[in-house]
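I have placed the structure first, in the form of structure tokens, so that the comments after it can refer back to it.
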Amino acid sequence: MAEVPWLSHEGVGIACFTTGFIQPWQGELAGALEDFTVVDAAVGEGYPDIGRMMLVFTAAALRNQGRDAALPQLEAVAMRIGEGDNRAVPIGSFRTAALARIAEMRGHAEEAFELAARLVGVAPLPMASAIVAGICRRLGNPELAQDLADNAHGQSVAPYTRAYALLIGALLACETGASENPAATLTSREREVLAYLRTPMTTAEIAAKLSVSVNTLKTHQRSIYRKLQASNRREAIGIAPY
């Protein structure tokens, strides 16, 4: 059979990677672990590396259900993940995410936080960001957890990943005692900006009214949208209409 270039580059475990990736979201963790173990043995870059991260995540989930997990073996799997980028995919960040999950399993919270902090703002990394957000929430770092959950929002993010990120956000809000009023987390300046956003005024007009630059106003807007978990002005107004 003639060599298929992408198959040669990405490894021969693509079929197992595909089925393995679907199974955890359906609760089929044991089957996923078997598939990702096959992927781990594949030669190549790209999918095998992502499969190794998923192997660690899946083994960790099974451990939560009482199944033994050999942490040195999982760490060896994580260390086989490449450290650089592959076709603009941040493979090294998948390695970091896997190591953060292992640190959590070992009870090394500070190590997990240090690793997790490297992922803030990395794109495209929605699923790994959401998973590591959960790690940070469980270990008691709500600020870092929220920053990572914010990485997993947006229309281009897969619905199951976005749903998990929203779940993390909701749990954080509950655990930190957030008010039923979504705008309660805003600063006084942000509430003032939000009041102007409810008007028909343009961004430039609002900035002039507040005697700030447009860039400063946009910084306030981004903070408001993040805290309200909105993606634009219309959504923010809908979440906090008064």
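Bear in mind these aren't lab numbers, they're just calculated from the coordinates by the rules spelled out. In this text the structure is predicted, and so the values were computed from the model without any measurement. Don't worry about glycine lacking a Cβ; one is built from the backbone with ideal geometry, like all the others, and counts go over all protein chains shown.
Summary of values
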| quantity | calculated |
| --- | --- |
| Most mobile of T161, T202, T185 in a GNM of the chain (Cα contacts under 10 Å) | T202 |
| Extension gain, E111 back to L71 (0.36 nm per residue minus Cα-Cα distance, nm) | 12.9 nm |
| Principal-axis tilt of helix 91-106 within the chain, Cα atoms, nearest 10 degrees | 90 |
| Of G154, G82, A208, farthest towards positive along the dipole that unit charges on Lys, Arg, Asp, Glu beta carbons give the chain | A208 |
| Relative contact order [Cα under 8 Å, 6+ residues apart], the chain, whole percent | 10 |
| Separation of alpha-carbon centers, the stretch 142-216 and the stretch 24-83, rounded to whole Å | 34 |
| GNM top mover of A133, A30, A103 - the chain, alpha-carbon springs below 10 Å | A30 |
| Nearest-20 debye value, the stretch 182-239 charge dipole, Cβ charges on Lys, Arg, Asp, Glu | 100 |
| Given charges at beta-carbon only (K, R positive; D, E negative), |dipole| of the chain in Debye | 960 |
| Cα long-axis angle, helix 214-228 against the chain (0 to 90 degrees, to the nearest 10) | 60 |
